[in-house]
Structures are given as structure tokens and as C-alpha cells.
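Colleague: Sharing a structure, written as C-alpha cells. Questions coming.
The values are calculated or read from the model by the stated rules, or taken from the named source; none is laboratory data. Here the structure is a predicted model, which is why all the values come from computation and not from measurement. Cβ atoms come from the backbone with ideal geometry, glycine included; neighbour counts cover every protein chain shown.
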Amino acid sequence: MAEVAGAGTVIVGAGPAGLLLAHLLLQAQPKPHLLPVRVFEARNDPRTPLPQYKERQYCVGLSARGQDGIKRVPGLWEEVEKRGMPSSQFVLHSGKRAIALKRNPGKPSLLINQRALAATLVTELVNRYPKDHLEVHFDTPCERVDFKTRTASFNGKSVDSVPYNLLVGADGARSAVRNEFITQRGFDYQQTNMPYTFKVLYVPRPAELSEEAVHAFRVTKEDAIEENGKQSSWFKLPFSGTAEKTSLRFSCFPTPGNGMSVLIEWSPGTTPVELLSIKSAEELKAYMEKYMPPLKVPLEAAEAFINQRPTSSMKVFCSRFHDAGGKAVLIGDAAHAMSNALGQGCNSSLQDVVTLSQSLCEEDDLTKALERYTKKQTQEDHAASYLSEFSFPQAKWVLPFFYLGNIAQPALGKVLPPSILAPPIQSLCSETLTPYSEIVRIHKRWLSFVEITNKMAASKGPSS
């Protein structure tokens, strides 16, 4: 099928990956058949202000890979940086001690609300490019895609069906664009529901929690109360206690304005039934402040938490990321949704964008450009997914060795060469641009060991 004049590029999804791709394509002055660039998003405009506690304060951490992608657009990183908080530590709270599992002040990640990141990217996009080169549509969900006619159909306020010369599916783990891929011969697709569910709470940042760190807690209800019935001020190590107890696992991410986004996560065997059954904001506030110190929960935040629907994670595997006949490509979670354990979901997505934009700019033939992108990114993103799943042990007997190794590594790393003691997986992923596939090679023995023990633990149930 011949290219259609004026059909250009259609990007479905105005998350960070879709918006950064629009930036890089337009910055490179793309070939005429890729113009205009039209972006469609099912959700509302992220630039629209929302009440503080009504907005789901979900943070992403932009580490070396995400920063590399954004910095390829002159001046863009400076604008993004204004909306986030630099973080150079990952702190595990144990008893009255705080154990830093990652500390590198020279290479901080940027913690930023996902909606704020999208708002910054779209603001800069519309300010930089004329309307004849760029269109951005919100409240416009994609209904279906047809590779034979190369059209995308939308159910929105301003458009219905549009032709394209290049279609980019950047519409997340439940991608509408990917649905058309699934109908194509030779496309292998697997979807797995991750055993984790979460809700997000937004609270003022407690003074005792540093604004330069992500703080991780895992506590059973019994651990939070001392024998005399008084409230304990801190918690035990995450490998203490048993899964049969009422369990709370949460991570705290500092936000601008002395706020904190709290991600409360659970698995099927550790569902905080009491917490989730509370229907009164006053009761929830009292419960959290009793069992989740040092948090102080405003009533508005408690009410928003009660009304918030739990979110489940999903892992997505695609055997290839493009369809040659349909002139379509998948990026980000649409291609490779993964566990958030390493914080590489957004970062790997932005590296997809870098590779795709380079391929489109350097290859005259569109099919060859898409094949080049798929060849590189399937290897890298499948490796990233593997790292995210098996870097952290789930078997309780392995956890002490994991934490002790992370605590000792900074000191040992100063005297032992990398050939003997490789940098931790977390550091290689977040502080360098070392290919994910190379990180898998470097840590192959540990990853294989964790994969075996995790599967053994899963087969024995949550108490193992």
C-alpha cells in the first residue's frame, strides 16, 4: 500500500514515551511522509489542574536512561527537572536504623509525578512546533486499528478515523494498538498478571524522612506494636515476621512542596484486609497513623485513598515490536510492561524512543527502520524484564544474604576490581547506560539462583 500524502505519523498514547517520541521526531525534521505528527490520548489533558488529594500521585524515577532520552531535546530536561525531586538514596528502615542500599550523590534519579512529567512534555511540545506539524488530542480513546487500510479509529470529541503512514502504539499495558498485532501471523504475545496490587496515598513529608531518598518499609501489624501495647516508632527488617500476619508494605517518594507519595503494595498472600475494609476517613487516618508511623494523614488524603480503585500490575511479552505490512510499531508498556521492582519501566520506555527515533532518522526505508528498532529493543527490553523479575529474591531464607551483600558492597567495591565484584544490578540499571543484556550476562549466576529460589518459594506459598 502506497504512502498517503498528509497521513503522517499517528502516536496513540500521550504518556512520557509517546510525547518524547513526538519531540525527537519533530526536532529531527522528519521526512515529509512522517508529517504531521498526531498524538491521541484517552485520558484528560495533564495540564488541567486537579485538587491535590484528588490526583493520583504516582511517581516515576528518571534515572540515567530516562534522563539520557529527555536530554536529547535541548532545554527539555531543565524544564522537567523543575517539577521533580532529586534522589540519590534508597533507604530500608530497620528498627531505629536506616540502611542505605543505594547511595551515589553524584548520580541522582529524579522523582517526578507521572502526570507532571506528561504535562511538562506536552507544554514544551505545543510551544515549540506549529499546528501544521503537530496535533495533540486528549479525551480521545483509540477504538481499533486496521493494518490493511492503515487507519486508526477513535472515539473522541474531535476525530473519528484517521489514516497514517506510521503508527506508534504508546498506549500502555492494555494497548488498543497491540490488539491488531495479536491478529497477525507470527506475532507471539503473552500477558501475565503480576501478583502485586497497589494504591497511592499522598501525605505531607514527615521531617524524619529525608527528602533526598526513597524510603521502603515492610511491616506486619504485630511488628508495629510493642509488647506493652505502645506504638513502635520504626519497623523490623523485611525478612522478619511471617506472611500469615496482617502485612503492610509501602514505599515513600518525596515530592515538591514537602509532600510524599506513598505506594502501598500487597500480594495475594499479604492483602491488608483490615486497611482495605475501612470506609471512614477518620478511621483510616487513625489506623494508618497507628500502624504506619511516621506518616501523618490528612482527612482529605484518607478520603481520596478510600475512593481510589486498587491498581494491578501486568507483565507483557511481545516477540517483536513492529509489523512491516501495517507500518506499525510498539513502544513502552505496550511492548514490554514489566515489574516495577527495579524502577526501569519508564526508563526502558524512553530508551525505546531513542532507538526508534534514531532508526527513523538514519534509515531511508521505513520497513528497515522498524526492523532495526525491533532487533535491538526486543533483546534489551526482554533483558530488562528479566532483571526486574529476578534481581530481588522472594524466598525468605535468601533475603538476609541479599541485604547484607548490598550493605557490604560499597565498602568492598572500593578495594575489589569490577572483574571480581561487579557493581550491583540496581546501580548498573539506574546509574549507567550499560545495556540490560550486558547486565544479565554480568550477573548471570545470581539471577539464575534467584529465579530458581523464587519459583520454589512461589510453589510453596506466601509463608516460604
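Colleague: I'm checking my understanding of the structure. Among residues of the range 390-416 that are of a type in the set (A, V, I, L, M, F, W, C) and farther than 18 Å from H443 by Cα, which one is modelled with the highest pLDDT?
Modeller: As a first pass, look at the range 390-416 and keep what is of a type in the set (A, V, I, L, M, F, W, C): 390, 392, 395, 397-399, 401-402, 404, 407-408, 411-412, 415-416.
In the following step, the residues that additionally are farther than 18 Å from H443 by Cα were identified as 395, 397, 411, 415.
On the way: A395: 87, W397: 90, A411: 76, V415: 83.
Filtering the range 390-416 for residues that are of a type in the set (A, V, I, L, M, F, W, C) and farther than 18 Å from H443 by Cα, the one modelled with the highest pLDDT comes out as W397.
Colleague: Another one. Output the helices (runs of 4 or more DSSP H) that fall wholly within the range 246-337 and possess 2 or more residues being of a type outside the set (S, T, N, Q) and over 26 Å from R178 (Cβ atoms), or say none.
Modeller: On the way: elements: 273-277, 281-291, 299-307, 333-336.
Those helices (runs of 4 or more DSSP H) span 273-277, 281-291, 299-307.
Colleague: Identify the residue in the range 340-356 that is surrounded by fewer than 22 Cβ atoms within 10 Å (Cβ to Cβ) and part of a loop (DSSP other than H, G, I, E, B) and, among all such residues, is farthest from the chain's Cα centre (by Cα).
Modeller: Of the range 340-356, the ones surrounded by fewer than 22 Cβ atoms within 10 Å (Cβ to Cβ) are 340-341, 354-355.
Still in the list and also part of a loop (DSSP other than H, G, I, E, B): 340-341.
Details: N340: 6, A341: 9 Å.
Residue satisfying both the conditions and the ranking: A341.
Colleague: Now for a separate question. Criterion first (of a type outside the set (A, V, I, L, M, F, W, C), in the same structural domain as F181 (by TED's automatic domain parsing) and free of Cβ contacts under 8 Å to residues at least 40 places away in the same chain) does S339 satisfy it? Before the answer, list the steps.
Modeller: Working: of a type outside the set (A, V, I, L, M, F, W, C): yes; in the same structural domain as F181 (by TED's automatic domain parsing): yes; free of Cβ contacts under 8 Å to residues at least 40 places away in the same chain: no.
Criteria not met by S339.
Colleague: Taking the residues in the range 106-146 that are in a loop (DSSP other than H, G, I, E, B) and touching a strand residue (DSSP E or B) at 6+ places or on another chain (Cβ under 6 Å) as candidates, determine which candidate is surrounded by the fewest Cβ atoms within 10 Å (Cβ to Cβ). Spell out how you get there, then give the answer.
Modeller: Step one: filter the range 106-146 for residues in a loop (DSSP other than H, G, I, E, B), giving 106-108, 129-133, 138-141.
Of the ones still in play, those that are also touching a strand residue (DSSP E or B) at 6+ places or on another chain (Cβ under 6 Å) are 108, 140.
On the way: P108: 19, T140: 21.
Filtering first and then ranking leaves P108.
Colleague: Suppose we filter S251, S240 for residues that are modelled with pLDDT of 55 or more and small (G, A, S); which single one remains?
Modeller: On the way: S240 fails: modelled with pLDDT of 55 or more.
Checking each option against the conditions leaves just S251.
Colleague: Still on this model: Name the residue, out of D323, D333, D364, D381, that is at pLDDT below 95, in the same structural domain as D146 (by TED's automatic domain parsing) and within 26 Å of N165 (Cβ to Cβ). Outline the logic, then answer.
Modeller: Details: D323 fails: at pLDDT below 95; D333 fails: at pLDDT below 95; D381 fails: at pLDDT below 95.
It is D364.
Colleague: Limited to the range 383-433, what total is found for residues that are in a loop (DSSP other than H, G, I, E, B), of a type in the set (G, A, S) and farther than 18 Å from N340 by Cα?
Modeller: Step one: of the range 383-433, the residues in a loop (DSSP other than H, G, I, E, B) are 391-398, 414-424, 432-433.
From what's left, of a type in the set (G, A, S): 391, 395, 419, 422.
After this cut, where a residue has to be farther than 18 Å from N340 by Cα as well, the list is 395, 419, 422.
The total comes to 3.
Colleague: Quick one: count up the residues across the range 1-25 that are closer than 14 Å to L76 by Cα and touching a strand residue (DSSP E or B) at 6+ places or on another chain (Cβ under 8 Å).
Modeller: Selection size over the range 1-25: 4.
Colleague: Take the residues in the range 399-413 that are touching a residue at least 40 places away in the same chain (Cβ under 8 Å) and closer than 23 Å to Q344 by Cα; name whichever of them is surrounded by the fewest Cβ atoms within 10 Å (Cβ to Cβ).
Modeller: Looking only at the range 399-413, we keep the residues that are touching a residue at least 40 places away in the same chain (Cβ under 8 Å), and these are 399-400, 403, 406-407, 410.
Still in the list and also closer than 23 Å to Q344 by Cα: 399, 403, 406-407, 410.
Working: L399: 16, Y403: 18, N406: 19, I407: 13, P410: 16.
So the residue we want is I407.
Colleague: Condition test on R83, is it closer than 25 Å to P424 by Cβ, outside any strand (DSSP E or B), in contact with a helix residue (DSSP H, G or I) (Cβ under 6 Å, 6 or more places away or on another chain) and not small (G, A, S)?
Modeller: no
Colleague: Looking only at the range 1-48, which residues are over 21 Å from S348 (Cα atoms), aliphatic (A, V, I, L, M) and in a loop (DSSP other than H, G, I, E, B)?
Modeller: M1, A2, V4, A5, A7, A28, L35, A42 - these are the residues of the range 1-48 that are over 21 Å from S348 (Cα atoms), aliphatic (A, V, I, L, M) and in a loop (DSSP other than H, G, I, E, B).
Colleague: I need the full set of residues from the range 266-290 which are out of contact with any helix residue (DSSP H, G or I) (no Cβ under 8 Å at 6 or more places or on another chain), of a type outside the set (S, T, N, Q) and either more than 21 Å from C59 (Cα to Cα) or surrounded by fewer than 20 Cβ atoms within 10 Å (Cβ to Cβ) (or both), in order please.
Modeller: P268, G269, P272, V273, L276, E283, A286, E289, K290
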